[in-house]
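The values are calculated or read from the model by the stated rules, or taken from the named source; none is laboratory data. As the structure is a prediction and not an experimental result, all values here were calculated from the model. Reconstructed Cβ throughout: ideal geometry from the backbone, glycine too, with neighbour counts over all protein chains shown. All accessible areas refer to the heavy atoms of the entire protein, side chains included, with ligands and DNA or RNA removed. Shrake-Rupley method; radii C 1.70, N 1.55, O 1.52, S 1.80 Å.
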Amino acid sequence: MSDGFFYSYHVGWNRPDAESLLGDLEAAGVRPDHPVTRRITLIGPGPRPTVTQSRVTRDQLVLLAGLQRLDQVDFLLWLRSGAEIPTRVRRTEDGTVAVQFALGGLGPDERETVVRAVREAIGRASLLCVGFVLDREGASAATDWRGFIVQGTVYFDHWPDTLAVRPEVAATQPQLSGVGSFRQSPWVVYGSEVPSR
């Protein structure tokens, strides 16, 4: 099992979308700058602790996270406590953009703060967001969530905490048939966010 995560998938992603997402997260206390040093950190590929780190300005981060020059950017977000949230924005082979937040290493309260902030920020970007998945423990990390959420063509072995898909995907996926859900335009939402009746 791997660490928990929150993945969302978007179409038509650009610099204003990255600016809006970062602004919404900052308003909720999830910031791109370290709470003490105020530095914004890009992280390069490679295993920790030898990962390459680069310092950038907020404007540079927005440009890079808007995927105007690159197909993938990895950076750190921070909570006031100093807890870090590794984040990745990447363009997939079909042009969909995946925004990925790693939740490992966070305490339960910190994790819920991040989940709430991301969920609200993604909700405000819902016209461009085709769906999302939240798995607090990471049990479903091996699933091709882009294939499920964007294309509706794969299956999963472990249920995540919350899954949101477009109605056309929900209608064609047998794994979602008969499962409790609710409509939150433009998605059908399954899992822990479904209200008890």
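Say we look at the stretch 134-161 and pick out the residues that are outside any loop (DSSP other than H, G, I, E, B) and of a type outside the set (A, V, I, L, M); which of these is modelled with the lowest pLDDT?
From the stretch 134-161, those outside any loop (DSSP other than H, G, I, E, B) are 134-135, 145-151; that's our starting set.
If we keep only those that are of a type outside the set (A, V, I, L, M) too, we end up with 135, 145-148, 151.
Values: Asp135: 95, Trp145: 94, Arg146: 93, Gly147: 92, Phe148: 93, Gln151: 83.
Among those that are outside any loop (DSSP other than H, G, I, E, B) and of a type outside the set (A, V, I, L, M), it is Gln151.
Select, from Leu70, Leu63, Leu42, Leu22, the only residue that is surrounded by fewer than 16 Cβ atoms within 10 Å (Cβ to Cβ) and farther than 29 Å from His158 by Cβ. Walk me through it before giving the result.
Numbers: Leu63 fails: surrounded by fewer than 16 Cβ atoms within 10 Å (Cβ to Cβ); Leu42 fails: surrounded by fewer than 16 Cβ atoms within 10 Å (Cβ to Cβ); Leu22 fails: surrounded by fewer than 16 Cβ atoms within 10 Å (Cβ to Cβ).
Just one listed residue meets the conditions, Leu70.
Residue pairs, Cβ under 6 Å, 6 or more apart or interchain, first in the stretch 129-156 and more than 11 Å from Asp3 (Cα to Cα), second part of a loop (DSSP other than H, G, I, E, B) and charged (D, E, K, R). List them.
Once the first residue is more than 11 Å from Asp3 (Cα to Cα) and sits in the stretch 129-156, its partners that are part of a loop (DSSP other than H, G, I, E, B) and charged (D, E, K, R) give Val130/Arg166; Leu134/Asp161; Val154/Asp144.
Please state which one of Glu84, Glu93, Glu110 is in contact with a Gly (Cβ under 9 Å, 6 or more places away or on another chain) and of a type in the set (Asp, Glu).
Details: Glu93 fails: in contact with a Gly (Cβ under 9 Å, 6 or more places away or on another chain); Glu110 fails: in contact with a Gly (Cβ under 9 Å, 6 or more places away or on another chain).
Answer to the check: Glu84.
When both residues are 6+ apart or on different chains and their Cβ atoms are under 6 Å apart, which pairs have a first residue that lies in the stretch 98-120 and is open to solvent by 40 Å² or more (accessible area, probe 1.4 Å), and a second that is not basic (Lys, Arg)?
Glu110/Leu79; Glu110/Ala83; Arg111/Leu103
For every residue, the table says whether it meets (1) over 30 Å from Gln68 (Cα atoms); (2) open to solvent by less than 60 Å² (accessible area, probe 1.4 Å); (3) of a type outside the set (Lys, Arg); (4) out of contact with any Phe, Trp or Tyr (no Cβ under 6 Å at 6 or more places or on another chain).
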{"site": "Leu127", "(1), (2), (3), (4)": "no, no, yes, yes"}
{"site": "Arg136", "(1), (2), (3), (4)": "yes, yes, no, yes"}
{"site": "Ser140", "(1), (2), (3), (4)": "yes, yes, yes, no"}
{"site": "Trp145", "(1), (2), (3), (4)": "no, yes, yes, no"}
{"site": "Trp159", "(1), (2), (3), (4)": "yes, no, yes, yes"}
{"site": "Leu163", "(1), (2), (3), (4)": "no, yes, yes, no"}
{"site": "Thr172", "(1), (2), (3), (4)": "yes, no, yes, yes"}
{"site": "Arg183", "(1), (2), (3), (4)": "yes, no, no, yes"}
{"site": "Trp187", "(1), (2), (3), (4)": "no, yes, yes, yes"}
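Results for (1) touching a Leu at 6+ places or on another chain (Cβ under 6 Å); (2) closer than 17 Å to Leu134 by Cβ; (3) modelled with pLDDT under 95, shown as yes or no for each residue.
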position	(1), (2), (3)
Val30	yes, yes, no
Gly46	no, no, yes
Leu67	no, no, yes
Ser81	no, no, yes
Gly105	no, yes, yes
Pro108	no, yes, yes
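Taking the stretch 22-43, which residues are among the polar types (S, T, N, Q) and in contact (Cβ under 8 Å) with a residue 12 or more places away in the chain? Steps first, answer last, please.
Within the stretch 22-43, the first condition is being among the polar types (S, T, N, Q), and the residues that meet it are 37, 41.
Of everything in the stretch 22-43, just one residue is among the polar types (S, T, N, Q) and in contact (Cβ under 8 Å) with a residue 12 or more places away in the chain, namely Thr41.
β-branched (Val, Ile, Thr) and in a loop (DSSP other than H, G, I, E, B): which single residue out of Thr41, Thr87, Thr37 fits that description? Break it down into steps so the answer makes sense when it comes.
Working: Thr41 fails: in a loop (DSSP other than H, G, I, E, B); Thr87 fails: in a loop (DSSP other than H, G, I, E, B).
Result of the check over Thr41, Thr87, Thr37: Thr37.
Return the residues of the stretch 61-84 that are more than 23 Å from Val150 (Cα to Cα), outside any helix (DSSP H, G or I) and in contact (Cβ under 8 Å) with a residue 12 or more places away in the chain; say none if nothing qualifies.
Quick first cut of the stretch 61-84, residues more than 23 Å from Val150 (Cα to Cα) only: 61-64, 69, 75-84.
Checking which are outside any helix (DSSP H, G or I) leaves us with 69, 75-84.
Of everything in the stretch 61-84, those that are more than 23 Å from Val150 (Cα to Cα), outside any helix (DSSP H, G or I) and in contact (Cβ under 8 Å) with a residue 12 or more places away in the chain turn out to be Phe75, Leu76, Leu77, Trp78, Leu79, Arg80, Ser81, Gly82, Ala83, Glu84.
Checking the condition hydroxyl-bearing (Ser, Thr, Tyr) and either closer than 21 Å to Arg136 by Cβ or surrounded by 12 or more Cβ atoms within 10 Å (Cβ to Cβ) (or both), which residue from Thr37, Thr92 passes? Full working, then the answer.
Details: Thr37 fails: either closer than 21 Å to Arg136 by Cβ or surrounded by 12 or more Cβ atoms within 10 Å (Cβ to Cβ) (or both).
Within the list Thr37, Thr92, the selection yields Thr92.
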